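Bear in mind that the values in this text are calculations on the coordinates, not laboratory data. Bear in mind the structure is a predicted one, so any value in this text is a computation, not a measurement. Quick reminder, even Gly has a Cβ in these numbers, built from the backbone with ideal geometry, and neighbours come from all protein chains shown.
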Amino acid sequence: MRIGTWTVLETWKNHRSNLWGLCKCDCGFTAPRSIDSLRRHSKKYPTRCRACYKKEDIKPVLGKTFGTRTVIEDFFEDCNGTKNAHFAKCKCICGDISIIRATFLIQGKCKKCNECRIRDHLKKGTFDPNMESK
């Protein structure tokens with residue numbers, strides 16, 4: 001049986017006699033869902049899993065520059081069995097290449113690599129070797 005983007009793999013009734021099913025979304029995410037709830041919501045709203053909703057919110061970052069880093073590749077990595085963690089491979093102006101969560105770049109949490117951060121502190125005279133990196 002198919003409801004929205006969900007395919008019902010198996011069904012059972014819970015202690016209240018509600019019909020439940022083990023459902024698989026088109027993106028590959030599998031979870032138990034109330035069949036009645038899926039049917040009810042599929043008439044008004046498209047029924048999708050959390051991972052599908054997350055992917056819709058993803059902003060393209062390929063080729064963009066965040067601070068001193070430029071995104072040279074972006075990809076999704078497995079997180080809890082679904083490919084819903086968005087990562088970016090970045091190249092810094094100093095030549096350092098690193099992989100960072102794309103949301104950290106967008107939020108401005110990772111503007112510089114450690115080498116550039118230390119170089120800036122040395123220029124300002126505020127370098128502390130015991131300092132924790134952010």
Theoretical gain in end-to-end length, T126 to D96 [0.36 nm per residue, Cα-Cα removed]:
8.6 nm
Inter-probe distance in nm under a simple model that places probes 7 Å from Cα toward Cβ, at F76 and E115:
3.3 nm
Which of the pairs K24/K112; K91/K123; K59/K91 have their Cα atoms more than 29 Å apart in this structure?
K24/K112
Taking placed amide H atoms and a strict 5 Å upper bound, the residues 5 or more places from T7 or on another chain that come that close are K24, C25
